[in-house]
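Presented below is the structure to which this report refers.
Bear in mind these aren't lab numbers, they're just calculated from the coordinates by the rules spelled out. Please read all numbers here as calculations on a predicted model, not as lab measurements. No Cβ is skipped: glycine too gets one built from the backbone with ideal geometry, and neighbour counts run over all protein chains shown.
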Amino acid sequence: MTFHTLIERRPMRGAHAARQDAERALRNFNTQVTGPALHPKAWLARSGPTVRAVENEVDYVVTAEVPGYVPEDVEVFVEDGVLTVKGLRKAADWSDELSDEEKDAKSDRFERRIRFNAEIDEKAVGATCKHGLLTVTVPKVAEVKPEVRSIPVHTV
């Protein structure tokens, strides 16, 4: 089905009616293509937490708003210079006895991956979670500055 087939053609009705026809066609298109449960606004609400990364001189600070997530259900790990943050938020009536489809319907998952511009010290990465705010500190590798030595010149 193409978009132009959804708009009724009534040339004498005016601009207001044309706009209403276009809005109705767009609503019908969204409902037919994505379905009411997967409407774009519903997808945005389920797309996960807001994640921000700030670069300082010595490290990166990554924050993620994770209200309602239990700290045990949030994973943070670094592999090959990429920070990965995963989370699972379970509904109050979630249990292990539910089928996989019911578990998916009663849970909210997210995963974010961040690659950094500089080399990072993977062993020194730390994470804290307080009041629904996950803070991950990713230190940069200290640059090794070459040592400049003055060498005296002796005459022979």
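Side notes on the structure shown:
- FRET efficiency estimate (nearest 0.05) - Cβ-Cβ, residue 21 to residue 112, R0 30 angstrom: 0.15
- When each of 59, 21, 121 is scored by the number of other beta-carbon atoms lying within 10 Å, the sequence from fewest to most is 121, 21, 59.
- Extension gain for residue 147-residue 65 works out to 25.2 nm (0.36 nm per residue, less the C-alpha to C-alpha distance).
- With the simple model of a label 7 Å out from the Cα in the direction of the Cβ, residue 55 to residue 73 spans 3.5 nm.
- Estimated distance in nm for a label pair at residue 119 and residue 137, the labels positioned 7 Å out from Cα along Cα-to-Cβ: 2.2
- Compactness check for region 48-139: Cα Rg over 2.2 N^0.38 Å is 1.21.
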